[in-house]
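First comes the structure, then the notes that go with it.
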DNA sequence: GGTGAACTGGACTCGCAGTACAGTAGGGAG
DNA sequence: CTCCCTACTGTACTGCGAGTCCAGTTCACC
């Protein structure tokens, strides 16, 4: 039982690293089993097919990402109780974290899945959808809390503003991947942060 | 000669539609030749391999996209000569255009390529990179023109702000694909537009 | 000593990319 | 009229990776 968990998460580790580096399709089961030092039969013992692997990876990734956001904004809240400043601090921490990630943030997993749609079954797609909707809800709530104190200078759709956090991160990561630069994602977050300052700052 | 061009662009049309719908990997040469009503041999006569197809698609797409931006902001300039208002009008036009596109904007092609990296050769990746750098330059110039007239309320990195146009579009398209909603990209652009209004509007 | 979970290993099918090449239809140049 | 070139068709082949099937092995624990 212990060995099962070991092997299973070892497969996920290796698969995740490879998928982040070169994409899901380009990651062969052959190389996963070579990396994990198991047989092909062993792989299919744990995962029915590549789809099941994708699903497990997404589930794990979303959990990690949610915890990351929880911790990040909990820390920010410790530093400043005001919701606006908490958000601004949280975004700064997020930007710093992205800069420190050498190979790039796993946020890619979401976009990667979105763009290789037909490779995955409905379960994987729905998982992806729910993750983004979860972030929308999370950030929307935070922005509404801010808006109660700081009247926004322009009226904005709060759902869309919540989505913008995910959108800016994903977009930044696309740029980063395509440009082969390193700070695009964190720069984009910092610009978004400036946006929030302008939007909510008292006149 | 005429037939060659016909067939070649017919292949590109069919491939592009399929790639936008389900991704590059999921698009088989089999189905392209079926759609274009040619033989497999005919396909390989025009394109050495799938990589060559990707390259041709990207080249064509980037050309179309650049022309689109040219036309869009030329039209915006006709409507208002002030650089800030021209930008705001242009973004509104872009948002409206994205809403009218039923199957989603081809912007996906850039992200799609970025996330399936290792499938493509250096030529394709560089093409992708240059396209984004081109947009950075384009929008950076526009923002600098605006900044000469309207002093920005916060100092921002102009390259990053230029990138933000591409980033917001790409990020919005990722959301749209993953959520299966329809207006995410245009909503994100409208939020970015609000950002610019706040950033450059006189105090 | 028996049972079941966690594998190994090998043989097989299938779909798709890519290669090779022989043959052909049709238009233009001489 | 014929020659040649472009733009294909059609077939047959290799090779890779996913996924299936299954028989056999190891080891833990009841």
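Criterion first (facing chain A (nearest Cβ under 9 Å), buried (at least 19 other Cβ atoms within 10 Å of the Cβ) and modelled with pLDDT of 95 or more) does residue B:178 satisfy it? Spelling it out, it is not the case that residue B:178 is facing chain A (nearest Cβ under 9 Å), buried (at least 19 other Cβ atoms within 10 Å of the Cβ) and modelled with pLDDT of 95 or more. If the condition is being more than 7 Å from chain B (Cβ to nearest Cβ) and either touching a residue at least 24 places away in the same chain (Cβ under 8 Å) or under 13 Å from the mean Cα position of the chain (by Cα) (or both), then the range A:114-132 contributes A:120, A:121, A:123, A:124, A:127, A:130, A:131. Just checking, how many residues over the range A:151-195 are outside any loop (DSSP other than H, G, I, E, B), more than 21 Å from residue B:95 (Cα to Cα) and touching a residue at least 12 places away in the same chain (Cβ under 8 Å)? Within the range A:151-195, residues that are outside any loop (DSSP other than H, G, I, E, B), more than 21 Å from residue B:95 (Cα to Cα) and touching a residue at least 12 places away in the same chain (Cβ under 8 Å) number 10.
Does residue B:147 satisfy the condition of being under 22 Å from residue B:85 (Cβ atoms), surrounded by fewer than 22 Cβ atoms within 10 Å (Cβ to Cβ), in contact (Cβ under 8 Å) with a residue 40 or more places away in the chain and out of contact with any strand residue (DSSP E or B) (no Cβ under 6 Å at 6 or more places or on another chain)? Criteria met by residue B:147. Residues that are within 7 Å of chain A (Cβ to nearest Cβ) and surrounded by fewer than 20 Cβ atoms within 10 Å (Cβ to Cβ) within the range B:154-173 comprise B:154, B:156, B:157, listed in sequence order. For residue B:36, the requirement of being under 18 Å from residue B:131 (Cα atoms), within 16 Å of DNA strand D (Cβ to nearest atom) and in contact (Cβ under 8 Å) with a residue 24 or more places away in the chain is not met.
Residue-wise test of (1) away from DNA strand C (no atom under 12 Å from the Cβ); (2) modelled with pLDDT of 95 or more.
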position	(1), (2)
B:6	yes, no
B:12	yes, yes
B:16	yes, no
B:23	no, no
B:34	no, yes
B:38	no, yes
B:48	no, yes
B:52	no, yes
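A count restricted to the range A:22-33 and to residues that are more than 6 Å from DNA strand D (Cβ to nearest atom) and free of Cβ contacts under 8 Å to residues at least 40 places away in the same chain stands at 6. All of B:111, B:185 fail the test of being within 14 Å of the chain's Cα centre (by Cα) and facing another protein chain (nearest Cβ under 8 Å), apart from B:111. Against the definition (over 19 Å from residue A:138 (Cα atoms), more than 16 Å from DNA strand D (Cβ to nearest atom) and crowded, with 21+ Cβ neighbours inside 10 Å), how does residue A:86 come out, yes or no? For residue A:86, the condition - over 19 Å from residue A:138 (Cα atoms), more than 16 Å from DNA strand D (Cβ to nearest atom) and crowded, with 21+ Cβ neighbours inside 10 Å - is not met.
The values are calculated or read from the model by the stated rules, or taken from the named source; none is laboratory data. Just so it is clear, the structure is predicted and the values come from calculations on it, not from any experiment. Cβ sites come from the backbone with ideal geometry, for glycine too, and all protein chains shown count toward neighbours.
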